[in-house]
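Before any comments, here is the structure.
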Amino acid sequence: MTNKNIEIIILGRVQGVGFRYSTKKVADRMNLNGFVQNLTDGSVLIHVNGEESIVDEFVSEIKDSPTPYGQVDNMKITNINEIHYKGFIIK
């Protein structure tokens, strides 16, 4: 079992549409750790940690927007050092 730690910056219609709450529901369902937060430029930042295949599945679900009101136009994914969160939180 290999862990994967990534940072995702999401651009599109992702603020004011329930994106963070829907992202948390997806992460909780998959037992992933990390956080999601709005950034001042209108994008959303996600740090996520978990088993590699599950993190990849999470990215696929988020790419299609976890809320029907949102729209993901672009995602920038970067590998990061291990993050130390228990559970998944909204900042």
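The values are calculated or read from the model by the stated rules, or taken from the named source; none is laboratory data. The shown structure was predicted, so the numbers you read here are calculated from the model rather than taken from an experiment. Cβ sites come from the backbone with ideal geometry, for glycine too, and all protein chains shown count toward neighbours. Remember, those area values only see protein heavy atoms, side chains included, never the ligands or the DNA or RNA. Shrake-Rupley method; radii C 1.70, N 1.55, O 1.52, S 1.80 Å.
Going Cα to Cα from residue 91, which lysines come in below 18 Å? Please leave out same-chain ones fewer than 8 positions away.
Of all the lysines, those that pass the test against residue 91 - Cα under 18 Å, at least 8 places apart if same chain - are 24, 25.
Roughly speaking, to the nearest percent, how much of the range 3-90's 1.4 Å accessible area is carbon and sulfur? Show your work: numbers first, answer last.
Numbers: 2200 of 4850 Å².
Percent of accessible area from carbon and sulfur atoms in the range 3-90: 45.
Which order, highest average first, do 13-21, 35-43 follow once you tally other Cβ atoms within 10 Å for each residue and take the mean per peptide?
On the way: 13-21: 17.6, 35-43: 14.2.
Result, highest mean Cβ count within 10 Å first: 13-21, 35-43.
For the chain, what does -39500 (n - 2.57) per DSSP helix run (n ≥ 4), summed and divided by total residues, give at 222 nm, in deg cm²/dmol to the nearest 500?
Numbers: 2 runs with 23 residues, N = 91.
Per the formula, -8000 deg cm²/dmol.
Enumerate the calculated ³J(HN,Hα) couplings along the range 73-78 in order (Karplus 6.51 cos²θ - 1.76 cosθ + 1.60, θ = phi - 60°), each rounded to whole Hz, writing x wherever the residue is Gly or Pro.
Whole-Hz 3J(HN,Hα) from phi for the range 73-78: 8, 7, 10, 10, 10, 10.
Between residue 31 and residue 13, 0.36 nm times their residue separation minus their Cα-Cα distance comes to what?
Numbers: separation 18, 0.36 × 18 = 6.48 nm, distance 2.57 nm.
Difference between extended and current length: 3.9 nm.
Taking the solvent-accessible surface of protein heavy atoms with a 1.4 Å probe, what is the per residue accessible area of the chain in Å²?
Dividing the accessible area of the chain by its residue count gives 57 Å².
Just want the answer: with Cβ charges of +1 for Lys and Arg and -1 for Asp and Glu, which residue in 58, 69, 45 is farthest toward the dipole's positive end in the chain?
Looking along the dipole axis, the top candidate is 69.
Compare the Cα positions of 15, 83, 31 along the charge dipole of the range 3-90 (+1 at Cβ of Lys, Arg; -1 at Cβ of Asp, Glu; about the Cα centre) and return the one farthest towards the positive end.
Selected residue: 15.
What does the net charge come to around residue 11 if you take all other residues with beta carbon closer than 9 Å to its beta carbon, with K and R at +1 and D and E at -1? Can you show the working numbers first?
Numbers: positive: 76; negative: 41, 73.
Local net charge: -1.
With θ set to phi - 60°, apply the Karplus curve 6.51 cos²θ - 1.76 cosθ + 1.60 along the range 55-68 and write out the HN-Hα couplings as whole Hz, x wherever there is a Gly or Pro.
For the range 55-68, the Karplus curve yields 4, 4, 5, 4, 4, 4, 5, 5, 4, 8, 6, x, 10, x Hz.
Looking at the chain as a GNM with Cα springs under 10 Å, which of 33, 79, 49 has the largest mean-square fluctuation?
In the Gaussian network model the winner is 79.
Taking only C-alpha pairs under 8 Å that are 6+ residues apart, what is the relative contact order of the chain in percent? Display every interim value, and only then the final one.
On the way: 190 pairs, mean separation 43.1, N = 91.
Relative contact order here is 47 percent.
Could you give the size of the charge dipole of the chain about its Cα centre, using +1 on the Cβ of each K and R and -1 on the Cβ of each D and E, expressed in debye and rounded to the nearest 20? Let's see the in-between values first.
On the way: 10 positive and 11 negative charges, 70 e Å.
Dipole magnitude for the chain comes out near 340 debye.
What does the charge count around residue 53 come to, taking other residues whose C-beta lies under 14 Å from its C-beta (Lys +1, Arg +1, Asp -1, Glu -1)?
Values: positive: 4; negative: 51, 52, 56, 57, 61.
Taking every Cβ under 14 Å from that of residue 53, the sum is -4.
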